[in-house]
Amino acid sequence: MIEELALTKSILEVHQKELGKDYDAYKNHINRVYTFFRKIYTDPYDPVLLQVALAFHDIGIWTHKTLDYLAPSNDLAQAFVKKNHIKIDTVLLAEIILNHHQVSKNGHPLVEAYKKADNIDLSLGIISFGLEHSFIRETYQLFPAKGFHWLLTKLFFSNLISHPLKPVPMFRF
């Protein structure tokens, strides 16, 4: 885990049992998203807010065993912030988590940068938003996928069978 992400690491450790064998895959996904985000977004931001968003943005996949995970992920993040009396912009936190797969523009530059960073990772760097492919490859070498994309592929096809009219419920338009 990247040293700057100590809070994210501690949150993940609490959910390690739920993440199970996918713990390292999700942890590395978070590291890649953070690395891409830092390269894309150069303005000041609240590091605590970002760490909470990183930890919780997809965690509902495991905690609620669903591909329709955005609301459960946000609910867990908001409960964590409240329980731990963390002073961050909870509206912005919700925007990041609930909209990180939104196809249309959100408008908030931080949310847009986060979406881009997550999409770079989700697409294995095929969508790069201007980042050098060599940088993306180096990031994958530092933080290997460890089956993360294969897991998403299996979840997609499973969800396609059980919910053929809404195979990717996390995408918003």
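Every residue, every condition in (1) at pLDDT 95 or above; (2) exposed (fewer than 14 other Cβ atoms within 10 Å of the Cβ); (3) not in a loop (DSSP other than H, G, I, E, B), yes or no:
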| site | (1), (2), (3) |
| --- | --- |
| Ile96 | yes, no, yes |
| Ser104 | no, yes, no |
| Leu110 | yes, no, yes |
| Ala117 | yes, no, yes |
| Ile126 | yes, yes, no |
| Trp150 | no, yes, yes |
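Residues in region 136-146: is at least one crowded, with 16+ Cβ neighbours inside 10 Å, at pLDDT 95 or above, assigned to a helix (DSSP H, G or I) and basic (Lys, Arg)? Scanning region 136-146 turns up no residue that is crowded, with 16+ Cβ neighbours inside 10 Å, at pLDDT 95 or above, assigned to a helix (DSSP H, G or I) and basic (Lys, Arg). Take Leu50 and tell me if it is of a type in the set (A, V, I, L, M, F, W, C), at pLDDT below 95 and closer than 17 Å to Ile97 by Cα. Spelling it out, it is not the case that Leu50 is of a type in the set (A, V, I, L, M, F, W, C), at pLDDT below 95 and closer than 17 Å to Ile97 by Cα. Report yes if Leu67 is in contact (Cβ under 8 Å) with a residue 40 or more places away in the chain and part of a helix (DSSP H, G or I), otherwise no. The answer is no for Leu67. Among the conditions (1) in a helix (DSSP H, G or I); (2) farther than 16 Å from Ala113 by Cβ; (3) without any contact (Cβ under 8 Å) to a residue 60 or more places away in the chain; (4) not hydrophobic (A, V, I, L, M, F, W, C), Asn28 misses just one, which is (3). Looking at Asn99, Asn74, Asn106, just one residue is more than 22 Å from Glu3 (Cβ to Cβ) and touching an Asp or Glu at 6+ places or on another chain (Cβ under 7 Å), and that residue is Asn106. Checked against the criterion of being closer than 17 Å to His149 by Cβ and either under 12 Å from the mean Cα position of the chain (by Cα) or not in a loop (DSSP other than H, G, I, E, B) (or both), the candidates Leu19, Leu12 yield just one match: Leu19. Total residues in region 113-133 satisfying the condition of being farther than 14 Å from Leu50 by Cβ and of a type in the set (Asp, Glu): the figure is 2. If the condition is being in a helix (DSSP H, G or I), surrounded by 15 or more Cβ atoms within 10 Å (Cβ to Cβ) and without any contact (Cβ under 8 Å) to a residue 60 or more places away in the chain, then region 31-47 contributes only Arg38.
The values are calculated or read from the model by the stated rules, or taken from the named source; none is laboratory data. Only a predicted model underlies this, so the values are computations on that prediction, with no experimental measurement involved. Counting neighbours? That spans all protein chains shown, and the Cβs are built from the backbone with ideal geometry, glycine included.
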